[in-house]
Structures are given as C-alpha cells and as structure tokens.
Amino acid sequence: MASGILIVDKPEDWTSQDVVAKLRGALHERRAGHGGTLDPMATGVLPVFFGRATRAVEFFEHAEKTYETVLRLGLVTDTQDITGRVLEQRDAASVTEADVRAVLPRFLGPQKQVPPMYSAIKIGGKKLYELARAGQEVARPARDITIHALELLSCAPPDFTLRVHCSKGTYVRTLCHDLGAALGTGGCMAALRRTAAGAYTAAQAVPLADILVHPAPESLLLPVDTLFAAHPALTLTPAQEKCCRNGASFTLRFTPGRYRLYAESGEFLALGEVRDGRMETVKSFFAI
C-alpha cells in the first residue's frame, strides 16, 4: 500500500479535497489527507499524506507558508478576491510603488486578523461561508497570526505582486483587503500561488496532471521522515528498538528534545522525545 507524502502542484479551480479524492484513486490508497487547504483559485504546493504517513498530518498543521499573491487595488469584493461580488470600485491610478512599499511594514510581525466571511471557520456550528451565502454576516473573533516577511516583487498598477511568508491561519486575501484599506483605495486578491509549505517547496511539487498519467505515481512519494528533517536522527540498539516498537520508554542521557528514531536496518520507526533522561515515543510510523 502507498505510504508517504506527495508534494502536489495544485491546479487552479480544484479544491484541496478534490485533489485528495482524485489521488486516492490514482494511488489506490483510501487513507489520504492534505496538509493545509488552498482555495480553488489558488495554485501551488499542497502536501498530500498517504497510508501510515497520515499519522503525521497533525505535525504539519502549524507549518509556516510562503505565497506569491497579486494585490489588485481599487476593487473590493465580498470574498476579498476577484471571484466575489463587487462591492466597491475606486480609482487607484495615483498609488505608486513607493506608496505600497511604505505601507508594508505596518503588516509585519505578530498581529490580529479578522477572518473573512467566506471561510470554512465554524461559528455556532455553521461554516462562515454557509452563512455568507445565505446573506448573513456575523461577528468573527480576530485570530493571532504572524507575517514573517512581506516583500513587493513587481508592479503593474493597479496590480502589485507580493511575497508573503506567514504563520498558519493567515488569510492572504484578507491581507490584500486590509492593505487596500490602508492605501485608501480598497483592494482584493487577484491571484495566489503557494511556493512553500513547511520544508516543502515548489521545486519539489509535481503538477497534478503529471501525477495522474504517471505509470507509477507511488514512486513520487517522499518518505514521511522528510517532515521531521529538522530533528536529529538516532539509530537505536536492538533493545531500544524493541522498547520503541512496544511503546515503552527507555533511558537515554541525551539533550532534551525531539529525535527521528531509526532501526539498525534504516527503517524509520518513530518521532521520539527525550524528557528527564528518558526517550518516549511521540508518534510511531513503523509497519505493524
């Protein structure tokens, strides 16, 4: 059975769940899930986890993301992107590259962001986009996000291309909306491409169309331990391996922290953590 992580270059007009459903059939593996939703209009890096690797999705939930997005000034929509209903149009011809560069630092660092109505966040048991489609707007609590980097890449007024490096939970279309408000013209997101998700980049991503015609798509899977590459590797002794496979901790006088645990055969066994001189399994990945 297929097990590993497939870095997909998601095409436009596909939902993330559509991609997962299609790949379940292509790889003949029902256990599959993606590592972070991309809107249908967005393209780019979408890690999809298969088989035993689905056990690792929880560790990817907090991964930082990098995007390239197009901010279109002078246009305000109900979805905060160009797919929505136009609420307002203004003349943005007077906005210069210098104006945009001047406002970007205001949006750097930890901050609060109010999520858009057209989102899958639930309030009172209902998804916000369901309420929005019914013509309702409700108060949404602001969420803590961090914009680590915000760079202007190119200008073709009223469009300005930005690179955004941000924390989990950041809505780039809301960032575009807020940037437009700060510039006094209004704005929305005209395009979005995810160029990195965690340690995975666009250079590793395979277009969905290529995966679907590949004679052996399972060969494109990355091992699940690539997700934990930032943690040091540790090869266990046979006695330690036995403890690990049985879910038992064992004495290990190593620096506290997390480690990738391997058998002497090279098999990736688990993500472990040293606490108070003992190695404990955080999550196992070996075949039973």
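Observations on the structure shown:
- Extreme residue, surrounded by the fewest Cβ atoms within 10 Å (Cβ to Cβ), among residues of the range 75-95 that are charged (D, E, K, R) and farther than 24 Å from residue 37 by Cβ: 91
- Extreme residue, least open to solvent (accessible area, probe 1.4 Å), among residues of the range 96-117 that are in a strand (DSSP E or B) and without any contact (Cβ under 8 Å) to a residue 40 or more places away in the chain: 109
- Residue in the range 221-236 that is under 30 Å from residue 69 (Cβ atoms), touching a strand residue (DSSP E or B) at 6+ places or on another chain (Cβ under 6 Å), part of a strand (DSSP E or B) and modelled with pLDDT of 95 or more present: yes
- Within the range 1-33, tally of residues that are in a strand (DSSP E or B) and in contact with a Leu (Cβ under 6 Å, 6 or more places away or on another chain): 5
- Being closer than 30 Å to residue 73 by Cα and in contact with a helix residue (DSSP H, G or I) (Cβ under 7 Å, 6 or more places away or on another chain) is a property that does not hold for residue 201.
- Tally, over the range 65-95, of residues that are among the β-branched types (Val, Ile, Thr) and free of Cβ contacts under 8 Å to residues at least 24 places away in the same chain: 1
- Within the range 211-229, residues that are under 9 Å from residue 6 (Cα atoms) and open to solvent by 30 Å² or more (accessible area, probe 1.4 Å) have Cβ atoms under 6 Å from residues that are in a helix (DSSP H, G or I) and not polar (S, T, N, Q) in these pairs: 218/27, counting only partners at least 6 apart in sequence or on another chain.
- Residue, farthest from residue 286 (Cα to Cα), within the range 1-47, restricted to residues that are charged (D, E, K, R) and open to solvent by less than 10 Å² (accessible area, probe 1.4 Å): 10
- Only one entry in 139, 120, 199 is farther than 27 Å from residue 13 by Cβ, within 18 Å of the chain's Cα centre (by Cα), at pLDDT below 95 and surrounded by fewer than 18 Cβ atoms within 10 Å (Cβ to Cβ), namely 199.
- Selection count, the range 249-285, where residues are closer than 25 Å to residue 4 by Cα, part of a loop (DSSP other than H, G, I, E, B) and open to solvent by 30 Å² or more (accessible area, probe 1.4 Å): 4
The values are calculated or read from the model by the stated rules, or taken from the named source; none is laboratory data. This structure is a prediction, so every number in the text was calculated from the model and none was measured. For neighbour counting, all protein chains shown are included, and Cβ atoms are generated from backbone atoms with ideal geometry for every residue, glycine included. Ligands, DNA and RNA are excluded from the accessible area calculation, which covers all protein heavy atoms including side chains. Shrake-Rupley method; radii C 1.70, N 1.55, O 1.52, S 1.80 Å.
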